[in-house]
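Undergrad: One structure, as structure tokens, below. Some questions next.
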Amino acid sequence: MSETIGIIGIGQMGAGIAHVCALARHDVLIFDKAAGVAEDGLGRIQANLTRQAIRKMIPDDAVDAAMGRISVVGSMAELGNCDLVIEAATEDEDTKVGVFEELCPHLKPETYLASNTSSISITRLAAATDRPGKFIGIHFMNPVPMMELVELIRGIATEEATYAYASKFCDGLGKITTNAEDFPAFIVNRLLIPMINEAVYTLYEGVGTVEAIDTAMKLGAHHPMGPLELADFIGLDTCLSIMQVLYDGLADSKYRPCPLLVKYVEAGWMGRKSGKGFYDYSGDQPVPTR
């Protein structure tokens, strides 16, 4: 199926979703409230498509064809005729609710809505819209063009037709879907982020250095990235937000965010995107900061 897909929030995840949607021959409208972010996202998408073409992962002519399907819009009102709108804003519930409250009055009745949230209740987000039956969680993994999995999460009001639509849509992107129930952080992040948090505790308690911890997990457990390197890639603010959702939602002390993770975020050390986290990225090679 070739449809018009709206994407709100053109950070790393939103740009990746636009990338795969355009490759799947959907028309894609992208919007971000912050000035220049959507335009910057277009540049990242083109660079990533070009990289795929160089590696022979996609045909050379697919780059221009995909870019020709993506358009930047200046307001949410311009998303009114989309068949599906995917929200990929900051992992903050109030921010996401604000997006849906502003967006919904502009949508045609049959438009489906999805959130790419990695942890927040789909039921609560759906309740903030005028169409909870047509609302679903479509959680892509990062980086979207490379990762095969998408978690589909139904809220309590999500209709079966909405789930079927989302499943078919993801199939068309070449993704493999798994069903996750609407519990905090779903499946992947329920397992992954507490592991990262424990790695930060291991650093905090002096059990090992940044380099020792990451080397131990890469060579001792065959993880492709160490947990602290992975935290920097995800974004330490996002890791902290997900841990807080787990801690608040499950009321279990084992999900308490590590104080060192909190300190790094308070310092503005968010990882790769800010240039510094558990590693400093200002030089040719990342250097541990601790």
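Undergrad: Where residues in segment 216-250 are of a type in the set (D, E, K, R) and closer than 26 Å to Gly14 by Cα, which of them is surrounded by the most Cβ atoms within 10 Å (Cβ to Cβ)?
TA: Only one residue fits best here, namely Asp232.
Undergrad: Another question, then. Go through (1) in contact with a helix residue (DSSP H, G or I) (Cβ under 8 Å, 6 or more places away or on another chain); (2) surrounded by fewer than 22 Cβ atoms within 10 Å (Cβ to Cβ); (3) more than 20 Å from Arg290 (Cα to Cα) for Val150 and report which single condition fails.
TA: The single condition Val150 does not satisfy is (2).
Undergrad: List the residue pairs whose Cβ atoms are under 7 Å apart, where the first residue sits in segment 11-25 and is more than 11 Å from Ile70 (Cα to Cα), the second is assigned to a helix (DSSP H, G or I), and the two are 6 or more positions apart or on different chains.
TA: Gly14/Gly41; Ala24/Gly172
Undergrad: Quick one: which residue in Thr90, Thr95, Thr117 is out of contact with any strand residue (DSSP E or B) (no Cβ under 7 Å at 6 or more places or on another chain), modelled with pLDDT of 95 or more and closer than 24 Å to Leu240 by Cβ?
TA: Thr95
Undergrad: Within segment 217-237, is even one residue part of a loop (DSSP other than H, G, I, E, B) and of a type in the set (A, V, I, L, M)?
TA: Yes, segment 217-237 has at least one match.
Undergrad: What pairs can you find where one residue is in segment 269-282 and among the hydrophobic types (A, V, I, L, M, F, W, C), the other is in a loop (DSSP other than H, G, I, E, B), and their Cβ atoms are less than 7 Å apart, with a gap of 6+ or different chains?
TA: As it stands, the answer is Trp269/Gly277; Met270/Gly235; Met270/Gly277; Phe278/Thr289; Phe278/Arg290, since those pairs meet every condition given.
Undergrad: Search segment 11-31 for residues being assigned to a loop (DSSP other than H, G, I, E, B) and modelled with pLDDT of 95 or more, and hand back the single one that is nearest to Leu103 (Cα to Cα).
TA: If we take residues in segment 11-31 being assigned to a loop (DSSP other than H, G, I, E, B) and modelled with pLDDT of 95 or more, then His26 is nearest to Leu103 (Cα to Cα).
Undergrad: Then there is this: From Leu203, Leu191, which residue is part of a helix (DSSP H, G or I) and surrounded by 15 or more Cβ atoms within 10 Å (Cβ to Cβ)?
TA: Leu203 is the lone residue from the list that is part of a helix (DSSP H, G or I) and surrounded by 15 or more Cβ atoms within 10 Å (Cβ to Cβ).
The values are calculated or read from the model by the stated rules, or taken from the named source; none is laboratory data. From a predicted model like this one, the values you see are computed outputs, not experimental measurements. Note that each Cβ is placed from the backbone with ideal geometry, even for glycine, and that neighbours are counted across all protein chains shown.
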